[in-house]
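Throughout, read-outs are computed from the coordinates displayed, never taken from laboratory work. Computed from a predicted structure; not experimentally measured. Note that we place each Cβ from the backbone using ideal geometry, even for glycine, and neighbour counts take in every protein chain shown.
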Ligand code: SF4
């Protein structure tokens with residue numbers, strides 16, 4: 001379902017939809033349409049926009065007529081990643097999370113699992129795949145193997161057959177069996193409760209380890225995926241060029257009272273509202289707090 005929603009909402013406007021959002025002959029946009037504004041763009045963000053335009057012009061040297069200027073969303077995102085979006089003030093961060101909490105007091109992840117081990121496997125399978133896609137494959141997998149010992153007994157070939165609808169399934173099948181074997185040999189079949197040890201397991205990186213620590217053990221960790229990276233940079237909550245830089249800033253910026261659920265609030269907001277191609281700023285509950293210069297607004 002997540003995949004369906006995301007793809008439907010983030011798809012670029014069709015020709016008809018684009019026409020509908022275009023200004024009328026008199027120059028006024030059609031009622032109820034959405035326009036993209038660059039309100040309050042900080043002076044610093046003008047630099048990256050110029051850079052982006054220049055880069056495009058350079059690429060198009062000799063065929064300039066065919067090269068289009070990048071849309072404002074792209075230049076605004078470039079500005080965001082280059083830390084040109086002013087950071088949120090502590091009071092704005094507090095307000096942002098107060099609203100997230102009021103709207104969804106107990107946010108949950110969307111991956112299906114039955115115990116800490118199947119959570120770990122589901123997160124490993126979700127790398128570069130949608131939660132919805134993983135959830136379609138894991139019921140049969142977990143019915144056959146919901147412990148490391150059962151997974152090793154199931155074997156790589158059978159695991160591969162059961163997850164072949166998930167991207168990179170060959171490598172993932174190999175990793176799932178290998179990590180299960182390592183859990184048995186070195187950790188008594190239990191899931192380790194520290195990041196460094198989790199990261200020694202095949203297919204487990206910092207992001208996966210953080211998700212497991214957060215959901216299985218209630219640790220206030222932040223797993224920075226593509227949604228959190230985009231949201232941190234766009235809003236000014238935590239700007240940075242790498243997931244680790246954004247993660248460390250998020251941990252420092254978010255009040256302790258909100259840290260446990262912060263990862264889920266941000267991932268759900270990025271997945272369903274602050275979409276990559278077409279953020280739904282006009283229905284965003286933190287729109288007045290967010291500092292992104294490419295915000296969409298409803299036309300008057
Ligand atoms: S207003 Fe909301 S949807 Fe728009 S960029 Fe900011 S956080 Fe994303």
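Would you work out if region 147-300 is rounded, prolate or oblate? Take a ≥ b ≥ c from the square roots of the eigenvalues of the alpha-carbon gyration tensor; rounded if a/c is under 1.5, else prolate when a/b is larger than b/c, oblate otherwise. Numbers along the way, then the final one.
Numbers: a/c = 3.09, a/b = 1.90, b/c = 1.62.
Verdict is prolate for region 147-300.
Among 156-167, 117-128, how do they line up by average Cβ neighbours within 10 Å per residue, starting with the highest? Let's see the in-between values first.
Working: 156-167: 16.9, 117-128: 22.4.
Output ranking for 156-167, 117-128: 117-128, 156-167.
When ranked by the protection proxy of mean other Cβ atoms within 10 Å per residue, highest first, what sequence do the peptides 86-92, 214-220 form? If you can, show how the numbers build up before the last one.
Values: 86-92: 14.6, 214-220: 16.4.
In decreasing order of mean packing, 86-92, 214-220 become 214-220, 86-92.
If we restrict to alpha carbons, what Rg and Dmax does region 141-191 come to, in Å?
10.4, 31
In nm, to one decimal, how far is the residue 194 label point from the residue 89 one, both placed 7 Å along Cα→Cβ?
Once both label points are built, they end up 4.1 nm from each other.
Just want the ordering: 138, 171, from fewest to most Cβ atoms lying within 10 Å of their own Cβ. All intermediate terms of the calculation are to be shown ahead of the outcome.
Numbers: 138 23, 171 13.
In increasing order of surrounding Cβ atoms, one gets 171, 138.
Principal axis extents for region 116-217, Cα atoms only, whole Å, descending order, please.
That works out to 31, 27, 20 Å along the principal axes.
If I stretch the segment between residue 161 and residue 280 completely, what's the gain in nm (0.36 nm per residue apart, minus their alpha carbon distance), one decimal? Please report the intermediate quantities before stating the final value.
Values: separation 119, 0.36 × 119 = 42.84 nm, distance 3.85 nm.
Once the chain is fully extended between residue 161 and residue 280, it gains 39.0 nm.
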